[in-house]
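All remarks here apply to the structure that follows.
The values are calculated or read from the model by the stated rules, or taken from the named source; none is laboratory data. Treat the numbers as computed from the prediction; the structure is a model and nothing was measured. Glycine also receives a Cβ, built like all others from the backbone with ideal geometry; neighbour counts cover every protein chain displayed. Ligands, DNA and RNA are stripped out before the accessible areas are found, and what is left, the full protein with its side chains, is counted by its heavy atoms. Shrake-Rupley method; radii C 1.70, N 1.55, O 1.52, S 1.80 Å.
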Amino acid sequence: MISFLQIDLPAMLVGTLAALVCALIGNFLVLTRQSMLGDAMGHVVLPGIVIAFVLAGTTATWVMLTGAFAAALFSAMLVEFFRRVARIEASAALGSVFTAMFALGVLLLERTGVARTTFDVHHILFGNIETAIWPAATGVASLFDPTALASLPPQLGRLAFGLAVVALVVVLLFKELRVISFDPDFARTVGIPPQIIGAVVVTLAALAAVVSLSAVGAILLVAMMVCPPATARMLTDDLKTQVWLSLLFALASGVFGYAIAVLVPLAFGYEISLGAAGTIAVLSGLFQLVAMLFGLKRGLPKLT
Amino acid sequence: MTIHPLSVKNLTVRYGGRAALDNFSWDAPERGLAAIVGPNGAGKSSLLKAVLGLVPKAAGRVEIFGKPISEQRDLIAYVPQRASVDWDFPATAGDVVAMGLYRRIGWLRPVRAADHAAARKYLDMVRLGDFADRQIGALSGGQQQRVFLARALAQQAKLFLLDEPFAGVDAVTEGVMTGVFRELRNAGSLVVCVHHDLSSVQEIFDHVVLLHREMIASGPVGTTFTPENISRTYGVPLALNPGNG
Amino acid sequence: MAELHPLLQVLLLQAGYNTIVVMLGAAALGAATGVVGVFAMLRRRALVADAVAHATLPGVALGFILAVALGFSGRNLSFLLSGAALTAVLAALSIQWIANRTRLTEDTAIASVLATFFAFGIVLLTVIQTLKTGGQAGLDIYLLGATAGMLREEAITLALFAIAVALIVALLFKELTLISFDADYARAHGFPVRLLDLAILALVLVVVVIGLRIVGLVLIVALLITPPAAARFWSDHTGRMTVVSGAIGAFSAYFGAAISAISPDTPTGAVIVLVAFFLLLASIVFGTARGLLVRAIGARNLRRAA
């Protein structure tokens, strides 16, 4: 029990919260055909995080957030410059910028020596849920003990904050998001500016990326932004139902994905280990596969 | 029995469950300029695309000079809608016209200087000879349409199929294109255009097909392009007197 | 004669024979990606290429496991690269299936396939790390690439593949240009568009797989996107643009390999990508066909004339 509280609970919470925050905003990326933006976000914030750490010398939440946001903003501006001023085709503009930013991040990691002390590029790529631990937990009572709760892994606070902000904005702007997602032209005619709502979506995606990245890695990020909403998309045409379903699949991926990562090695006597970020992401992809087969059987129409 | 350049029998095209074109039959005239007109969504482009094999046929048959299109590709030239391509593409007007020669050049062989010279000749025919080295996006809409026409000319086809060639073009282009069409007619070719502008049908074309998912009427413009047929096609009596067109 | 800077020494091919072969192999790879990338970009397949690249990871891992299970060395290149090609093909098919058959759009298909395949690869890698076989550390280089420890034979093999790829593009050049510009026109005139699309995808697949060793699967897509994007600023002809793109790709890879030759712990892939990106920035400004400078001069002349 104590080991569950100290090791499994915090890690499972980190994985699940990251899955939820990414899936929530991912719904609107999928509906506005910007799924690859989720992938780009995971890449571009890396140099921001590294530079912020080198400059400030700490991994405090606000430092990481500032660095990552600066990098995301800079990248977004660069992509817009490439598209509008230099007239590079959209996906090439995105592709050249996010790969260059990630390359810069990797190079900075290696050249500043940060890679050997604080960040590991593998953690960015693979995720690193397992390091979220709660040594202060001594029993169920710790769940109600403020001092023990205060020493919960810092990622948890960051993720809870991110989830709260994203959820708040989605609830407040739900009507506008719905219109933008299904019919941007109509939105303009009823006085909803698509660019501003679009910018809000991208900003929230950046926030989700920032709070998740250092804990769960870039790949779980993309998987969670795209797979649960895509799974839900296969099962319903109603936006509200889709959002709730996506959260349900994110939750299921987080909990069961983590459980698989723990239980499979247990069954094999610790001969092997599985990375939990990977198992969570694979599970979300499997959910999507099943939903796609099911949706096809039901003959849900191809939308244009 | 005459062999028609284009013969369509009982053609049906469906998107999803909806029929865009229903049991359409037409034997095109041997030569001349034919317009396919009808309201938006009447299946004009679908007809052209089904003839070319770009969309699947739900039913029916299409013959080009008496044979399936797969055996007659060298006899046809297709001019798609201008909106269908990326005008930022790295190609000059001369490059695009040379594409009309690719089939004849054949697989694995490069485009040679002689081909570029030939392309230049076709550009001259649409009065764009001086624009051969201009990037295609730097041309006006009418000039782009003429480049497409020059590419079709380069194919030296007998049957020309054009999708809305007069849409949004300037007066010079319209004049050049009608001139080229007449030369093609005189040389014995058939030019079929999907056309949207009812007011210019009589001026440009000598045959017309009135289409609204199914064939409404077809024949020489003088006898077929009547107010009755037009209002049957568009579903409303039009305040247009083609007699004055 | 004054002592040359070590980088300059390497760049001027004064390093050891092995280093030179590796650098030339990298240059051949860069040229091939630059050439193929032109059509991947013009035919809008650049992001599919990214998914395909990430999807090689589970294949590399499975190849390793299979090689070890059969008693070969885990670093056996033919096992790793066959595995990579296999899962990459599977990913390409999955994307096509999702985009064509389900209601999900292509961007969602690409992103979900990329993430799921890569995640599966990660799970396999974490399994491999706990296997008691040794040699697994070698798998890391396929993520971000390395030139360190590269054998002369490997470099020569990938150079031969790269040359073959460039040759195929040259032979199919006008058909590939045609379907990229105007697919409907090509189809209407009897060109096998689907087959040619498949050829582009196959060529992408080959350069991705041979690029794994030097550039790594995370960033190889940059070599397919950035050189063509840069080359577009230098020419309005597909042909000349393809040559420039190949040259930019070759230079980026050569330079990146040289830098990683003098500082071995630098991730080769990252350096190559950054060199290519700087060339893109320079091309945006100085490109003779549509660079910002010539466009500004053109606009000024137009104003003067008016």
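Side notes on the structure shown:
- Set A:Ala199, A:Ala232: member being without any contact (Cβ under 8 Å) to a residue 24 or more places away in the chain and either farther than 29 Å from A:Ile7 by Cβ or open to solvent by 10 Å² or more (accessible area, probe 1.4 Å) (or both): A:Ala199
- For the criterion of being among the polar types (S, T, N, Q) and at pLDDT 95 or above, B:Ser70 fails.
- Top-ranked residue in the range B:117-146 [being within 22 Å of B:Leu162 (Cα to Cα) and of a type in the set (Lys, Arg); ranked as surrounded by the fewest Cβ atoms within 10 Å (Cβ to Cβ)]: B:Lys121
- Yes/no for C:Val169 being closer than 26 Å to C:Ala282 by Cβ, at pLDDT 95 or above, away from chain A (no Cβ under 14 Å) and touching a Leu at 6+ places or on another chain (Cβ under 9 Å): yes
- Any chance B:Ser189 is hydroxyl-bearing (Ser, Thr, Tyr) and at pLDDT 95 or above: yes
- Residue that is nearest to C:Arg43 (Cα to Cα), among those in the range B:56-98 that are among the hydrophobic types (A, V, I, L, M, F, W, C), facing chain C (nearest Cβ under 8 Å) and more than 17 Å from the chain's Cα centre (by Cα): B:Phe89
- Qualifying residue in the range C:81-96 (condition: facing another protein chain (nearest Cβ under 7 Å) and of a type outside the set (D, E, K, R)): no
- Qualifying residue in the range C:211-232 (condition: of a type in the set (Lys, Arg), open to solvent by 10 Å² or more (accessible area, probe 1.4 Å), under 28 Å from A:Val44 (Cα atoms) and within 13 Å of chain A (Cβ to nearest Cβ)): yes
- Single residue of C:Val285, C:Val244, C:Val208 found to be open to solvent by less than 20 Å² (accessible area, probe 1.4 Å) and either of a type in the set (A, V, I, L, M) or farther than 20 Å from C:Leu151 by Cα (or both): C:Val208
- Verdict on C:Gly190 being farther than 27 Å from C:Gly83 by Cβ and in a loop (DSSP other than H, G, I, E, B): yes
- Test: residue in the range C:270-280 that is facing chain A (nearest Cβ under 9 Å), touching a residue at least 24 places away in the same chain (Cβ under 8 Å), in contact with a Leu (Cβ under 6 Å, 6 or more places away or on another chain) and crowded, with 24+ Cβ neighbours inside 10 Å: yes
- When each of B:Val172, B:Val180 is tested for being surrounded by fewer than 16 Cβ atoms within 10 Å (Cβ to Cβ), touching a residue at least 24 places away in the same chain (Cβ under 8 Å) and β-branched (Val, Ile, Thr), the lone residue that passes is B:Val172.
- Taking helices (runs of 4 or more DSSP H) as the structural unit, those lying wholly within the range A:51-127 and holding at least 1 residues that are within 18 Å of the chain's Cα centre (by Cα) correspond to A:61-80, A:90-111, A:121-126.
Yes or no, residue by residue, for (1) touching a strand residue (DSSP E or B) at 6+ places or on another chain (Cβ under 6 Å); (2) crowded, with 21+ Cβ neighbours inside 10 Å; (3) in contact (Cβ under 8 Å) with a residue 60 or more places away in the chain; (4) more than 14 Å from every other protein chain (Cβ to nearest Cβ):
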position: A:Thr59; (1), (2), (3), (4): no, no, yes, yes
position: A:Phe74; (1), (2), (3), (4): no, no, no, no
position: A:Arg84; (1), (2), (3), (4): no, no, no, no
position: A:Phe98; (1), (2), (3), (4): no, yes, no, no
position: A:Val121; (1), (2), (3), (4): no, yes, no, no
position: A:Ala137; (1), (2), (3), (4): no, yes, yes, yes
position: A:Val140; (1), (2), (3), (4): no, no, yes, yes
position: A:Thr147; (1), (2), (3), (4): no, no, no, yes
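- Flag if C:Ala53 is under 20 Å from C:Met150 (Cα atoms), at pLDDT 95 or above and either within 15 Å of the chain's Cα centre (by Cα) or in a helix (DSSP H, G or I) (or both): no
- Among the criteria (1) surrounded by fewer than 18 Cβ atoms within 10 Å (Cβ to Cβ); (2) over 27 Å from A:Phe74 (Cβ atoms), the one A:Pro153 does not fulfil is (1).
- Matching residues in the range B:1-32 - criterion: being under 26 Å from C:Ala183 (Cα atoms) and either open to solvent by 40 Å² or more (accessible area, probe 1.4 Å) or aliphatic (A, V, I, L, M) (or both): B:Leu6, B:Val8, B:Leu11, B:Val13, B:Arg14, B:Tyr15, B:Gly16, B:Gly17, B:Arg18, B:Ala19, B:Ala20, B:Leu21
One line per residue, one yes/no per condition, for (1) outside any loop (DSSP other than H, G, I, E, B); (2) at pLDDT 80 or above; (3) at the interface with chain C (Cβ under 8 Å from one of its Cβ atoms); (4) surrounded by 12 or more Cβ atoms within 10 Å (Cβ to Cβ):
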{"residue": "A:Leu263", "(1), (2), (3), (4)": "yes, yes, no, yes"}
{"residue": "A:Ser273", "(1), (2), (3), (4)": "no, no, yes, yes"}
{"residue": "A:Leu283", "(1), (2), (3), (4)": "yes, yes, no, yes"}
{"residue": "A:Phe287", "(1), (2), (3), (4)": "yes, yes, no, yes"}
{"residue": "A:Leu296", "(1), (2), (3), (4)": "yes, no, yes, yes"}
{"residue": "A:Lys302", "(1), (2), (3), (4)": "no, no, yes, yes"}
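- The condition (being touching a residue at least 40 places away in the same chain (Cβ under 8 Å), open to solvent by 20 Å² or more (accessible area, probe 1.4 Å) and of a type in the set (Asp, Glu)) is satisfied by just one residue among C:Asp184, C:Asp197, C:Asp140: C:Asp197.
- Annotation note: of B:Gly60, B:Gly100, B:Gly94, B:Gly38, the sole residue that is touching a Ser or Thr at 6+ places or on another chain (Cβ under 6 Å) and open to solvent by less than 20 Å² (accessible area, probe 1.4 Å) is B:Gly38.
- Qualifying residue in the range C:265-287 (condition: outside any helix (DSSP H, G or I) and within 17 Å of C:Ala27 (Cα to Cα)): yes
- Evaluated against (1) under 20 Å from the mean Cα position of the chain (by Cα); (2) assigned to a helix (DSSP H, G or I); (3) buried (at least 22 other Cβ atoms within 10 Å of the Cβ), B:Phe160 falls short on exactly one condition, (2).
- Only residues that are without any contact (Cβ under 8 Å) to a residue 12 or more places away in the chain and within 29 Å of C:Leu42 (Cα to Cα) were counted across the range A:100-119, and they come to 2.
- Inter-residue pairs, beta-carbon under 6 Å, first assigned to a helix (DSSP H, G or I) and in the range C:146-166, second open to solvent by 40 Å² or more (accessible area, probe 1.4 Å), 6+ apart: C:Arg152/C:Asn18; C:Val165/C:Val206
- Subset of the range C:101-134 (residues that are under 19 Å from A:Ile124 (Cβ atoms) and either of a type in the set (D, E, K, R) or more than 7 Å from every other protein chain (Cβ to nearest Cβ) (or both)): C:Phe117, C:Gly121, C:Leu124, C:Leu125, C:Gln129
- With respect to being under 20 Å from A:Leu20 (Cα atoms) and either open to solvent by 40 Å² or more (accessible area, probe 1.4 Å) or among the basic types (Lys, Arg) (or both), A:Asp185 falls outside the description.
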